[in-house]
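Notes to accompany the following structure.
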Amino acid sequence: MDIRFVWDQIRPRIEIQDNGSGMNSDELYRAMRLGEKSPLDDRTENDLGRFGMGLKTASFSQCRVLTVGSWSGEGLNCLRWDLNYLENAPDDGWYILEGTREGSETLLDPLRESEQGTLVIWEDLDRVVTPNFLMNDFLNLIDNVERHLS
């Protein structure tokens with residue numbers, strides 16, 4: 001597991017990458033769907049989720065754009081939730097978008113290079129990077145997260 005905090009005054013982001021076997025397109029779609037599992041379904045002993053909401057709600061509590069890329073035997077798959085897009089959509093639809101947002105295409109390069117695993121990208125960190133947030137604040141955030149995870 002690799003967690004990267006990337007300070008870019010214009011578009012700071014947080015990236016979480018693992019080196020697992022990745023997800024194919026169907027698995028990724030299910031992971032990104034809201035409410036994938038029924039609470040009445042039988043659960044296995046090592047099941048991590050109950051309602052299919054954890055990844056999305058945890059991410060939206062920190063950012064407005066959630067991108068998940070995953071490399072499996074079928075190659076690279078990438079889906080995105082973009083609250084900015086949904087806010088400005090002409091209808092009330094909830095759309096999972098394909099690929100990274102414009103200008104973020106190269107963010108999947110670490111996944112392309114490793115050819116395995118999954119990369120979660122948080123952009124538009126509206127809950128993390130608040131007005132007047134400086135690079136020093138970002139560095140303090142990294143220290144706090146490191147302490148918390150250790």
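The values are calculated or read from the model by the stated rules, or taken from the named source; none is laboratory data. The model shown is predicted, which means the values in this text are computed figures rather than measured ones. A quick note on method: Cβ atoms are made from the backbone with ideal geometry, for glycine too, and the neighbour counts reach across all protein chains shown. Just so you know, the surface numbers come from the protein's heavy atoms only, side chains and all, with ligands and any DNA or RNA stripped out. Shrake-Rupley method; radii C 1.70, N 1.55, O 1.52, S 1.80 Å.
Hey, among the residues in the stretch 1-24 that are part of a strand (DSSP E or B) and among the charged types (D, E, K, R), which one's nearest to ASP124 (Cα to Cα)?
That would be ARG13.
In the stretch 92-115, which residues are β-branched (Val, Ile, Thr) and open to solvent by 60 Å² or more (accessible area, probe 1.4 Å)?
Taking the stretch 92-115 and keeping what is β-branched (Val, Ile, Thr), we get 96, 100, 106.
Listed by number, the list holds a single entry, THR106.
Each row is one residue, and each column tells you yes or no for (1) aromatic (Phe, Trp, Tyr); (2) over 16 Å from VAL6 (Cβ atoms); (3) surrounded by fewer than 13 Cβ atoms within 10 Å (Cβ to Cβ); (4) out of contact with any Phe, Trp or Tyr (no Cβ under 7 Å at 6 or more places or on another chain).
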{"site": "ARG80", "(1), (2), (3), (4)": "no, yes, no, yes"}
{"site": "PRO90", "(1), (2), (3), (4)": "no, yes, yes, yes"}
{"site": "LEU134", "(1), (2), (3), (4)": "no, no, yes, yes"}
{"site": "GLU146", "(1), (2), (3), (4)": "no, no, yes, yes"}
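Among what's in the stretch 116-132 and is farther than 22 Å from SER25 by Cβ and among the β-branched types (Val, Ile, Thr), pick the residue that is surrounded by the fewest Cβ atoms within 10 Å (Cβ to Cβ).
Selected residue: THR130.
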